[in-house]
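A short worksheet on the structure shown next.
The values are calculated or read from the model by the stated rules, or taken from the named source; none is laboratory data. This is a predicted model, so every value here is computed, not measured. All accessible areas refer to the heavy atoms of the entire protein, side chains included, with ligands and DNA or RNA removed. Shrake-Rupley method; radii C 1.70, N 1.55, O 1.52, S 1.80 Å.
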Amino acid sequence: LIFESAKFFWSRIAVSVYSSFTSILLASTVSAASYSLYSVSEQLYKGGQLFSGSVSQATLPETTKSGKTDIVFFWARVFAILGLFCLLGAFIFGSELLGLLFGQDFVNGDRILLIFATIFLCHSISVMFGYPYFAAKNALQVANNSVMFGAAIHFINLSVLYFLNILDIYSAGIAILITEVCIMFYRMLYIKTKYPIRY
C-alpha cells in the first residue's frame with residue numbers, strides 16, 4: 001500500500017511545499033507592509049481554493065464508482081463562470097473590497113488581488129480535471145504527475161527570481177500563476193491526446 005500510494009503522497013507533499021515555500025521566502029525577502037498585501041490576497045484565494053477543492057473531493061467518489069465524467073465538466077463550467085466573476089470583481093472593485101474587509105491600509109493591494117483572482121480561475125478549473133476526472137479513467141498517476149511537474153516548475157521560477165534579486169509580491173504571484181497554468185495545460189493536453197473532449 002505504501003509503494004502503491006507513494007506518488008499520491010509525494011504529490012500532496014509537493015503542493016504543501018510549493019505553496020508554503022513561497023510565503024516563507026517572501027516573508028524573509030520583502031518588507032512587512034508588502035508581505036501583508038500579499039498575505040491578505042492569498043488568504044482570499046485560499047478560501048476559494050478550499051471551496052473548489054471541497055467540490056472536487058465530493059465528486060471524486062462518484063467519478064471513481066461510475067467512470068463517468070459528466071459531473072466534472074459541469075463543475076468545471078460552474079467554476080469557470082465563478083472565476084470570471086471573481087476576476088471581474090477584483091479588476092473593478094479590488095481596492096474597495098480590500099478596504100472594506102481589511103481596512104484602508106490594504107487598498108493598494110488591488111494588483112496582487114487581481115493576480116490571485118486569475119490564479120483562482122485557472123486552479124478551480126484545473127482541480128476538476130485532476131483527481132475527479134482521472135479517477136474515472138483509472139489514471140490517477142496523471143494527476144499526481146501533473147502536480148509534481150508544477151512543483152518543479154515553481155521551484156525553478158522562484159529560484160530564478162530569488163537569485164536575480166527580482167522576487168517581490170507581484171513576481172511571486174505571477175510564479176504561482178505560471179505553475180497553475182502549467183498544471184492545467186499538462187492535464188488538458190493529456191486529456192486531449194488520450195481521451196475525446198466533450199463540450
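The number of Lys pairs in the chain with C-alpha atoms less than 25 Å apart, excluding pairs fewer than 8 positions apart on the same chain, is 14. Tell me, how many Å apart are the Cα centres for the range 148-177 and for the range 73-124? Each part reduced to its Cα centre gives a spacing of 21 Å.
Counting only heavy atoms of the protein chains, get the accessible area per residue of the chain (1.4 Å probe) and round it to a whole Å² value.
Details: 11010 Å² over 199 residues.
On a per-residue basis, the chain sits at 55 Å².
Here, the range 115-199 has an Rg and a Dmax of 14.2, 45 Å when only alpha carbons are counted. Ordered from highest to lowest accessible area with the whole protein assembly present and a 1.4 Å probe, Glu42, Glu96 read as Glu96, Glu42.
Return the Rg/Rh value of the range 78-146, two decimal places, where both radii are evaluated on C-alpha atoms and Rh is the Kirkwood radius.
Values: Rg = 16.0 Å, Rh = 13.5 Å.
With Rh from the inverse mean 1/r over Cα pairs, Rg/Rh is 1.19.
Along its principal axes, the range 35-91 has C-alpha extents of 45, 20, 10 angstrom, given from the largest down.
The HN-Hα couplings worked out from phi for the range 104-110 by the Karplus form 6.51 cos²θ - 1.76 cosθ + 1.60 (θ = phi - 60°) are 5, 5, 10, 5, 7, x, 5 Hz, whole numbers, x standing for Gly and Pro. Short-range pairs are left out: with C-alpha atoms under 8 Å and at least six residues apart, the relative contact order of the chain is 30 percent.
Report relative contact order for the range 88-199 in percent, whole number only (criteria: Cα-Cα under 8 Å, sequence separation at least 6). Can you show the working numbers first?
Working: 88 pairs, mean separation 32.2, N = 112.
Relative contact order for the range 88-199 comes out at 29 percent.
Only Cα sites of the range 112-164 enter the Debye sum here, all with the same form factor; the resulting log10 I(q)/I(0) across q = 0.16, 0.23, 0.28 1/Å is -0.63, -0.93, -1.02, listed in q order. Considering helices alone, the calculated mean residue ellipticity of the chain at 222 nm is -29000 deg cm²/dmol, with DSSP H runs of length four and up weighted by -39500 (n - 2.57) and normalised per residue. Comparing mean-square fluctuations of Met188, Met148, Met128 from a GNM of the chain with C-alpha springs under 10 Å, the top value falls on Met188.
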